[in-house]
Amino acid sequence: MSLLEVENLRTYFFTPAGIVQAVDGVSFEVDAGESLGIVGESGAGKSVAVKSIMGLIRDPGRIVEGSVRFDGRELTELSEAELRREIRGNEISIVFQDAMSALNPVFTVGSQLEEVIVENTDRSPSAARERAIELLDDVGIPNPDRRIDEYPHQYSGGMQQRAMIAMALACDPRLIIADEPTTALDVTIQAGILELFDEIQETHDTSIVYVTHDLGVVREVCDRVSVMYLGRVVESAPYEELYRYPKHPYTQSLLNSVVTPDEILDEINPIGGTMPSAVSPPSGCRFRTRCPEAVEECVHVTPRARQVGDSHTAACLLYDESNSHEEPTLREITNQTND
Ligand code: SF4
């Protein structure tokens, strides 16, 4: 049994403009101590999927179907009070993209950290202060016994994100969800934050789910990747396998649109078109309006996940469910030639 099992999750928003099918039949699993990257463009439904896990979907949205099991316990059946008391912070923590707006500017970083510790553990206020200093030290804040009394605006962007990670760690959760944790940071600061997550995963044996549009982040820290497009998972695989042998045309397009230092600019192919609306998504395969390989069948048939390798699935009609050894893709041929 995996630590987290998300099965056929559907989260819709009931708006005056129509029903937004933000997450539409998503499944993935995370084992203890494993890191999973959920990747896709804006509007893919990544953040809604992880907020659904935490019970953080608010009106006009709600989970309309599916299951979220954490350590065997069904989270979609818990009340708001049970989620707050027993799951959020204690078992699963979330780190958001924008640390500055997540931290309260009128309280010191230390008092906010101490509050989380006192609320979620049986430590006294003085023991909570000691623990807060320890946590700031653990996440690499210099002179934590002095900086604990500073306000968020006195911290740099990278340090604010580190303070948020300290809060996420305050109750020793078994799973951390990092929602675009480095998007607002400079590249050099990003690298430090990703290293910190890596260290946390190793030293605390914490599972981590990274939500990101950045395949570079995934490359740094993820064991496995699920690629989302317009509310659905289109491909899942261990990172190396996905990078070297992408099967789904969307993943191939995503990888071809990444700029790397050794890539010739003319060889970069941005994905054509824009993501359709989740209120009226295309019939059949949702990627068909942008897919260079679409055929007539893609208009009528919704592709289910097909096994295309060990621990590797792709939801694309190009692959037969019974055959996991298709012809290599163009990228595979290129990779093999470069080996
Ligand atoms: S099912 Fe069809 S449209 Fe969808 S990704 Fe595969 S080939 Fe492209």
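The values are calculated or read from the model by the stated rules, or taken from the named source; none is laboratory data. This structure is a prediction, so every number in the text was calculated from the model and none was measured. For neighbour counting, all protein chains shown are included, and Cβ atoms are generated from backbone atoms with ideal geometry for every residue, glycine included. These accessible areas exclude ligands, DNA and RNA; they are computed on the full protein's heavy atoms, side chains included. Shrake-Rupley method; radii C 1.70, N 1.55, O 1.52, S 1.80 Å.
Scanning region 234-255 for residues that are open to solvent by 20 Å² or more (accessible area, probe 1.4 Å), charged (D, E, K, R) and touching a residue at least 40 places away in the same chain (Cβ under 8 Å) turns up Glu241, Arg244. Among the residues of region 201-233, the one identified as open to solvent by 10 Å² or more (accessible area, probe 1.4 Å), within 16 Å of the ligand (Cβ to nearest atom) and not basic (Lys, Arg) is Val233.
Only residues that are of a type in the set (A, V, I, L, M, F, W, C) and within 11 Å of the ligand (Cβ to nearest atom) were counted in region 272-282, giving 0. Quick check, is Leu185 buried (at least 18 other Cβ atoms within 10 Å of the Cβ), free of Cβ contacts under 8 Å to residues at least 40 places away in the same chain, out of contact with any Leu (no Cβ under 7 Å at 6 or more places or on another chain) and in a helix (DSSP H, G or I)? The answer is no for Leu185. Looking only at residues in region 191-246 that are at pLDDT 90 or above and basic (Lys, Arg), the one that is farthest from the chain's Cα centre (by Cα) is Arg244. Residues of region 98-142 being acidic (Asp, Glu) and open to solvent by less than 60 Å² (accessible area, probe 1.4 Å), which ones? Once the filter is applied, which keeps residues that are acidic (Asp, Glu) and open to solvent by less than 60 Å² (accessible area, probe 1.4 Å), region 98-142 yields only Glu114. Among the residues examined, Leu36 does not qualify as open to solvent by less than 40 Å² (accessible area, probe 1.4 Å) and over 15 Å from Val211 (Cα atoms). Considering the conditions (1) out of contact with any Gly (no Cβ under 9 Å at 6 or more places or on another chain); (2) away from the ligand (no atom under 16 Å from the Cβ); (3) charged (D, E, K, R); (4) modelled with pLDDT of 90 or more, Asp339 is excluded by exactly one of them, (4).
Across region 309-325, the qualifying residues are those that are more than 11 Å from the ligand (Cβ to nearest atom) and more than 24 Å from Leu36 (Cβ to Cβ), and the one among them that is modelled with the lowest pLDDT is His325.
Criterion first (crowded, with 16+ Cβ neighbours inside 10 Å and either within 23 Å of Val308 (Cβ to Cβ) or within 14 Å of the ligand (Cβ to nearest atom) (or both)) does Leu194 satisfy it? Answer is no for this residue. For region 283-308, taking the residues that are in contact with a strand residue (DSSP E or B) (Cβ under 8 Å, 6 or more places away or on another chain) and more than 6 Å from the ligand (Cβ to nearest atom), the one that is modelled with the highest pLDDT is identified as Arg286. Write out, first by first residue and then by second, each pair whose Cβ atoms fall under 8 Å of each other, whose residues are 6+ apart or on separate chains, and whose first residue, in region 282-310, is more than 13 Å from Tyr229 (Cα to Cα) while the second is assigned to a helix (DSSP H, G or I) and near the ligand (Cβ under 8 Å from one of its atoms). The qualifying pairs are Gly284/Glu297; Gly284/Cys298; Pro292/Pro249; Glu293/Pro249.
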